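Read-outs throughout are calculated quantities, based only on the coordinates presented, and are distinct from any laboratory measurement. On a predicted model such as this, the values are computed, not experimentally measured, just so you know. In this analysis, Cβ positions are derived from the backbone assuming ideal geometry, glycine residues included, and neighbour counts consider all displayed protein chains.
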Amino acid sequence: MEGGLFSRLMGVVAGLVRGPGGLMTATGLAIITMFALVAIAAPWIAPYPPDVRPPGAGLLEPPSLRHPFGTNDLGYDVFSRIVWGARVVLKVVLLSSLMSMAVGVPLGLISGYYGGPLDRLLSMVMDSLYAFPGIIMAIAVASVLGPSTFNAAVALMVVYVPTYYRMTRARVLELKNEPFIEALQAMGAPGWVILVRHILPNAAPTILVVFGLASADAILTEAGLSFFGLVAVYPQPDWGLDLYYGKNYLLDGAWWLVFFPGASILLLALGFALLGEGLSERFRVRGGSYG
């Protein structure tokens with residue numbers, strides 16, 4: 001059973017990395033998988049605890065064989081903090097993406113299919129949220145809720161629900177005018193059956209594209225929240241938080257304190273962006289639509 005599921009999953013992945021956009025999709029998946037494996041294996045990969053000064057470690061040591069990414073102003077190993085910080089970033093971004101999808105997609109399906117006053121009300125609310133600068137809204141929500149990974153995920157969810165809603169609704173508006181949907185309606189099929197069994201599977205490619213591109217943006221937004229101390233509390237490992245404290249030592253020549261956290265943020269965001277762009281290229285060629 002498990003072997004069959006794994007084989008089907010591998011078949012889906014193999015299908016995605018072939019054809020139009022395959023190289024971008026494969027590269028994005030490779031980057032994301034690398035960071036995911038690092039986060040999962042953090043207890044075994046990190047040579048030292050991320051918030052404890054290793055014996056004999058100096059302050060602001062440059063990269064060396066003992067400390068590949070150097071040490072910070074408290075003597076903590078930067079490489080260990082990068083490894084453990086991957087857990088925080090991926091947890092916040094993936095949790096926020098799943099919550100955004102769980103709220104935005106059903107609302108987009110219902111709004112686009114049934115229309116009427118509910119559609120106008122939801123569209124007005126979502127358009128208002130969408131027009132508001134995302135980072136400002138995320139900071140406002142996270143400030144009210146307080147610093148924690150879950151609260152940061154909720155703040156990001158508020159920012160990206162309108163994106164999932166708008167893209168899903170747009171795809172539903174296209175699909176509900178297709179002849180096979182009109183035939184199902186003429187046969188008296190219930191609306192929820194049409195939505196769940198016929199429209200949602202056809203809208204799935206659009207949702208996958210939004211997931212990739214929105215997650216890439218969410219990584220940068222999460223880094224902004226972390227920079228202001230709205231995700232983790234120091235000395236907890238977090239890339240954006242390490243950037244905030246590392247900037248104070250740039251004039252002292254400690255470039256590694258900002259280079260490695262910043263490079264990690266950009267590389268992971270690039271992975272999700274390549275995944276989203278690769279999928280959009282593939283599904284656009286095949287007749288899909290993502291906006």
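For the chain, the relative contact order is 27 percent, taking Cα pairs closer than 8 Å that sit 6 or more residues apart in sequence and dividing their mean separation by the residue count.
Derived scalar couplings between HN and Hα for the range 41-57 equal 9, 3, x, 9, 7, 5, x, 9, x, x, 10, 10, 6, x, x, x, 6 Hz in order, rounded to whole Hz, by the Karplus curve 6.51 cos²θ - 1.76 cosθ + 1.60 (θ = phi - 60°), x for Gly and Pro. Spatial offset of the range 174-197 relative to the range 106-131 amounts to 20 Å, using the alpha carbon center of each. Using the Karplus relation 6.51 cos²θ - 1.76 cosθ + 1.60 with θ = phi - 60°, the per-residue 3J(HN,Hα) values for the range 77-89 come to 6, 5, 4, 4, 5, 5, 5, 5, x, 4, 4, 5, 4 Hz, with x marking Gly and Pro. Stretching R197 away from F132 to a fully extended chain increases their span by 20.0 nm, per 0.36 nm per residue minus the current alpha-carbon distance. Highest average first, the peptides 81-89, 180-188, 243-251, 22-30 ordered by how many other beta carbon atoms sit within 10 Å of their residues are 81-89, 22-30, 243-251, 180-188.
Expressed as a fraction of 2.2 N^0.38 Å, the C-alpha radius of gyration for the chain is 1.15. Take the Cβ atoms of L121 and A204, set R0 to 30 Å, and the FRET efficiency comes out at 0.70.
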